[in-house]
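The values are calculated or read from the model by the stated rules, or taken from the named source; none is laboratory data. Quick caveat: nothing in here was measured; it's all calculated off a predicted structure. FYI the Cβ positions are ideal-geometry reconstructions off the backbone, even for glycines, and counts take in every protein chain you see. Only protein heavy atoms, including side chains, enter the accessible area calculation; ligands, DNA and RNA are left aside. Shrake-Rupley method; radii C 1.70, N 1.55, O 1.52, S 1.80 Å.
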Amino acid sequence: MSMISIGGGAGESASVEASHAERIHAERILEAALRQAETRGWEAVSLIEVAAGLGVSAEAVLDHYRDANDVADAWFRRGWRAMLADKPSGFAAWPPRERLRHCLLAWFDALASHRRVTVQMLRTKAHPPHLHTWVPMLFDLSRTVQWWREAACLEAPYGSRRAQLEEVGLTALFLATLRVWARDESEGQRRTRRFLERRLERAEWWLSRCDRCRIRHRRGHRASAG
């Protein structure tokens, strides 16, 4: 009697293995490009030479990355994944400031092994002649802040006044911390960590003040309406 395969069986398993192999291949290309960038600078990276160094065809690289900007985007996605990774036990009960700190430092720590190259990637994206990277970079900044809020379990619903204030403040904080990190040669990124801690304290005070002002405004509006 023949057996009927349920749930895809061997075919599904082969598909999963193929997908895993593709991810490993893409990671090898990314790591090779980063190593090349460390020796010659990001703008001098050649994906043709990356392919030759890996012993694969240029077409195989094109299957994963259309150009060096695609490689840079893949590198920055590592930061997003680090932000969203499993959190320590009891994370949800931490104060918001500590949750924000943990998640943003995860982003910086994930990219720290190639900090200099990361900064070069950002400068290349922002270079005036590279108009095709400007708008995507702005959207990526917005996505980074959105993922940061989500990863830190901030409670304000998306689109609410509180969430909008948080997005503005967190965008400014991210960019300010990024500027410090870009020049941070200290062990364990101590300068960045201290800077972020101080700024988060100020942000926490500012948001709590906004909350108090909003509560007073609502009470005043209700009293005048009554």
Discussion item. For the list (1) among the acidic types (Asp, Glu); (2) assigned to a helix (DSSP H, G or I); (3) at pLDDT below 95; (4) open to solvent by 60 Å² or more (accessible area, probe 1.4 Å), I need the number of the one condition that Glu155 fails.
Written reply: (2)
Discussion item. Going residue by residue through segment 206-222, is there one that turns out to be modelled with pLDDT of 70 or more, surrounded by 10 or more Cβ atoms within 10 Å (Cβ to Cβ), among the hydrophobic types (A, V, I, L, M, F, W, C) and not in a loop (DSSP other than H, G, I, E, B)?
Written reply: no
Worksheet entry | Contacts under 7 angstrom Cβ, first residue in segment 146-164 being on the phi > 0 side of the Ramachandran plot, partner surrounded by 12 or more Cβ atoms within 10 Å (Cβ to Cβ) and part of a helix (DSSP H, G or I), 6 or more apart | Cys153/Arg99
Practice prompt. Inspect segment 155-170 for any residue being within 19 Å of the chain's Cα centre (by Cα) and basic (Lys, Arg) and give the result as yes or no.
Written response: no
Fill in: Residues of segment 173-192 that turn out to be under 22 Å from Met121 (Cβ atoms) and open to solvent by 40 Å² or more (accessible area, probe 1.4 Å), as a count
5
Worksheet entry | Subset tally (residues that are at pLDDT below 95 and small (Gly, Ala, Ser)) for segment 24-53 | 1
Worksheet item: Considering only segment 21-51, how many residues are closer than 21 Å to Val117 by Cα, part of a helix (DSSP H, G or I) and free of Cβ contacts under 8 Å to residues at least 24 places away in the same chain?
Response: 12
Discussion item. Looking for something open to solvent by 50 Å² or more (accessible area, probe 1.4 Å), at pLDDT 70 or above and charged (D, E, K, R) - is there at least one such residue anywhere in segment 164-172?
Written reply: no
Practice prompt. Determine which member of the set Ala82, Ala92, Ala60, Ala72 is in a helix (DSSP H, G or I) and in contact with an Asp or Glu (Cβ under 8 Å, 6 or more places away or on another chain).
Written response: Ala82
Practice prompt. State yes or no: is Ser186 at pLDDT 90 or above, hydroxyl-bearing (Ser, Thr, Tyr) and more than 19 Å from the chain's Cα centre (by Cα)?
Written response: yes
Practice prompt. Mind telling me which of the residues Phe91, Phe108, Phe76 ends up being more than 17 Å from the chain's Cα centre (by Cα), within 23 Å of Gly188 (Cα to Cα) and open to solvent by less than 60 Å² (accessible area, probe 1.4 Å)?
Written response: Phe91
Discussion item. Please go through segment 129-152 and give me each residue that is at pLDDT 90 or above and either of a type in the set (Phe, Trp, Tyr) or open to solvent by 80 Å² or more (accessible area, probe 1.4 Å) (or both), ordered by number.
Written reply: Arg143, Trp147, Trp148, Glu150
Worksheet item: Do we find a residue being among the aromatic types (Phe, Trp, Tyr) and more than 20 Å from Gln120 (Cα to Cα) anywhere in segment 156-168?
Response: yes
